[in-house]
């Protein structure tokens, strides 16, 4: 498993490779938190949030990556290369939210909503099958 310090190094390395324009108005930066973040949906007990883009009047715009969620989802035996790739994908996903927000677009947000709808339907189907 990648330690939290190694995860921070990976995120720093990815961020250093991005164009400066990606950081426009990202005044809160990228924050790596030790938290495990479960989905806010009460029916999604097995869904964890790996990253989140936030726009806040008090805190500004920032990207949070939840190290504890990565630990929980991927486990201790995940090779460093796999964890590095998942961290990179998550960070780039959240940057896409940031850039789309700046541009007044919602494409990725809508795609995330669509994926949640599919997940919700599958969860409901599993719940109904257990009742049979």
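What follows is calculated from the coordinates using simple rules that are stated; it is not laboratory data. Computed from a predicted structure; not experimentally measured. Neighbour counts run over all protein chains shown; Cβ positions are idealised from the backbone, glycine included.
Observations
- Value of relative contact order over the chain, rounded to a whole percent, pairs C-alpha under 8 Å and six or more apart: 26 percent
- Residue-span extension gain [residue 13 to residue 99] - 0.36 nm each, minus C-alpha spacing: 29.0 nm
- On Cα atoms only, tilt of 80-103 relative to the major axis of the chain in degrees: 80 degrees
- Folded to 0 to 90 degrees: helix 4-16 orientation relative to the chain principal axis, Cα: 60 degrees
- In this rough spin-label picture, where each label sits 7 Å from Cα along the Cβ direction, the residue 78-residue 52 distance is 1.8 nm.
- Gaussian network model of the chain, Cα within-10 Å springs - most flexible of 49, 96, 78: 78
- Computed E for residue 5/residue 125 - FRET, C-beta separation, R0 30 angstrom, nearest 0.05: 0.15
- Rounded FRET efficiency, nearest 0.05, which uses the C-beta distance separating residue 112 from residue 38 and R0 of 22 Å: 0.85
- Going by neighbour counts of Cβ atoms within 10 Å, the residues 94, 132 line up, fewest first, as 132, 94.
- Gyration tensor verdict on the chain (Cα atoms; rounded if a/c is under 1.5, prolate if a/b is larger than b/c, oblate otherwise): oblate
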